[in-house]
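Peer 1: Mind having a look at this structure? Questions to follow.
The values are calculated or read from the model by the stated rules, or taken from the named source; none is laboratory data. Just so it is clear, the structure is predicted and the values come from calculations on it, not from any experiment. Please note: Cβ atoms are built from the backbone with ideal geometry, for glycine as well, and neighbour counts cover all protein chains shown.
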């Protein structure tokens with residue numbers, strides 16, 4: 001299955017270059033076709049001949065050297081790449097890619113590829129934790145570049161901390177996962193709601209909640225990678241939308257989200273309601289800022305429509321997935337929601353548990369179906385939780 005797959009490995013300059021020799025060897029042993037591009041700095045640590053012998057392909061290190069084929073070399077390699085791995089990825093090369101700079105063969109080729117890009121950072125702890133480096137990493141993550149997290153331990157400089165290149169085993173596992181990503185949702189249309197809603201009180205103040213949208217955006221990203229055509233209806237977040245969305249609809253209030261979901265309901269087979277929708281809204285909106293006075297301020301609230309409940313009444317054969325974020329009586333509350341809202345299943349999480357809920361990159365969930373069957377999962381990255389949810393959706397399609 002992997003013999004028709006090609007991995008291009010971009011090697012930048014760092015002491016961890018020697019580990020990438022093992023990565024190339026392991027990939028070759030499982031049948032992957034490997035091409036290596038080295039920066040000039042990388043050749044100071046390991047000779048190109050080493051990678052050439054291991055990959056059994058010519059190694060490119062100089063953008064202006066005499067070409068070995070009639071192909072435009074960086075375009076040819078970019079097209080060949082099913083996965084483009086950068087390891088070790090220095091702060092320099094991460095910064096260049098984040099800023100769109102292409103001044104050597106590695107950065108030029110990665111700019112031209114449409115293959116999946118995996119980046120394995122390796123650097124001193126202080127460099128890795130530098131806010132500029134972290135901003136560049138966040139920029140690339142938002143653009144669907146995936147990162148293989150560095151490990152903690154003793155670094156080459158003698159410091160202790162995070163910054164060691166991930167082990168060859170972990171890097172190869174990430175590459176193989178990227179190469180074998182299933183396209184089992186190809187052609188399926190999925191609508192996902194994400195983030196909070198905002199209910200205005202006056203031009204300055206509003207009611208909202210702590211949702212950041214990370215879970216819904218992770219589901220959208222993973223669904224796209226599995227071939228689905230995704231409509232994302234999102235409340236206000238600081239996240240960049242995943243690439244290749246079919247539709248991206250920005251809303252603020254619960255009413256706007258309700259209308260957007262209804263407008264797009266017919267054309268979607270699956271609706272995943274991961275948004276944290278406000279239950280209540282101010283009964284009246286004041287078009288001028290409410291001034292404080294000596295007394296208390298009382299704001300009358302009206303109930304917002306329960307979007308999942310309304311969709312559950314008219315969904316017919318569509319798959320409807322709900323979420324339950326609770327601080328108490330998790331199972332009982334979640335089961336009641338499944339029944340009341342006519343859900344196919346619900347994703348329940350306890351907000352009091354560390355590593356679950358809003359604003360973090362992980363979650364701890366239980367999935368409860370309409371028959372009351374409960375599946376429990378350990379703490380996982382939200383991308384992993386997203387695939388658990390999508391696996392369940394796939395089983396119902």
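Peer 1: Test each condition in (1) outside any helix (DSSP H, G or I); (2) touching a residue at least 40 places away in the same chain (Cβ under 8 Å); (3) surrounded by 12 or more Cβ atoms within 10 Å (Cβ to Cβ) for residue 289 and report the one that comes out false.
Peer 2: The number of the failed condition is (3).
Peer 1: Do any strands (runs of 3 or more DSSP E) lying entirely in the range 70-178 carry at least 2 residues that are surrounded by fewer than 19 Cβ atoms within 10 Å (Cβ to Cβ) and touching a helix residue (DSSP H, G or I) at 6+ places or on another chain (Cβ under 7 Å), and which ones are they?
Peer 2: The strands (runs of 3 or more DSSP E) meeting that bar are 160-164.
Peer 1: Looking at (1) part of a loop (DSSP other than H, G, I, E, B); (2) out of contact with any strand residue (DSSP E or B) (no Cβ under 7 Å at 6 or more places or on another chain); (3) surrounded by 11 or more Cβ atoms within 10 Å (Cβ to Cβ); (4) without any contact (Cβ under 8 Å) to a residue 60 or more places away in the chain, which one does residue 298 not meet, given that it meets all the others?
Peer 2: Every condition holds for residue 298 apart from (3).
Peer 1: Would you confirm whether any residue within the range 214-225 is surrounded by 18 or more Cβ atoms within 10 Å (Cβ to Cβ) and assigned to a loop (DSSP other than H, G, I, E, B)?
Peer 2: no
Peer 1: Also: Given the criteria in the same structural domain as residue 315 (by TED's automatic domain parsing), touching a helix residue (DSSP H, G or I) at 6+ places or on another chain (Cβ under 9 Å) and either over 30 Å from residue 267 (Cα atoms) or touching a residue at least 60 places away in the same chain (Cβ under 8 Å) (or both), does residue 215 qualify?
Peer 2: When the stated conditions are applied, residue 215 passes them.
Peer 1: Okay, moving on. Hey, can you tell me all the residues within the range 21-53 that are part of a helix (DSSP H, G or I), under 17 Å from residue 173 (Cβ atoms) and touching a helix residue (DSSP H, G or I) at 6+ places or on another chain (Cβ under 8 Å)?
Peer 2: Residues satisfying the conditions are 22, 23, 24, 25, 26, 27, 28.
Peer 1: Let me ask something else. Just to be sure, is residue 258 assigned to a helix (DSSP H, G or I) and either touching a residue at least 40 places away in the same chain (Cβ under 8 Å) or touching a strand residue (DSSP E or B) at 6+ places or on another chain (Cβ under 7 Å) (or both)?
Peer 2: Considered against the rule, which asks whether it is assigned to a helix (DSSP H, G or I) and either touching a residue at least 40 places away in the same chain (Cβ under 8 Å) or touching a strand residue (DSSP E or B) at 6+ places or on another chain (Cβ under 7 Å) (or both), residue 258 comes out as yes.
Peer 1: Let me ask another. I want to confirm something. Restricting to the range 229-273 and keeping residues that are at pLDDT 95 or above and closer than 18 Å to residue 385 by Cα, which single residue is surrounded by the fewest Cβ atoms within 10 Å (Cβ to Cβ)?
Peer 2: So, considering only residues that are at pLDDT 95 or above and closer than 18 Å to residue 385 by Cα, the one surrounded by the fewest Cβ atoms within 10 Å (Cβ to Cβ) is 270.
Peer 1: Given the conditions (1) on the phi < 0 side of the Ramachandran plot; (2) surrounded by 11 or more Cβ atoms within 10 Å (Cβ to Cβ); (3) in a loop (DSSP other than H, G, I, E, B), and given that residue 311 satisfies all but one, which numbered condition is not satisfied?
Peer 2: (3)
Peer 1: Also, I was wondering about something else. Within the range 330-368, which residues are touching a helix residue (DSSP H, G or I) at 6+ places or on another chain (Cβ under 9 Å), in a loop (DSSP other than H, G, I, E, B) and over 15 Å from residue 382 (Cβ atoms)?
Peer 2: Selection gives 342, 343, 344.
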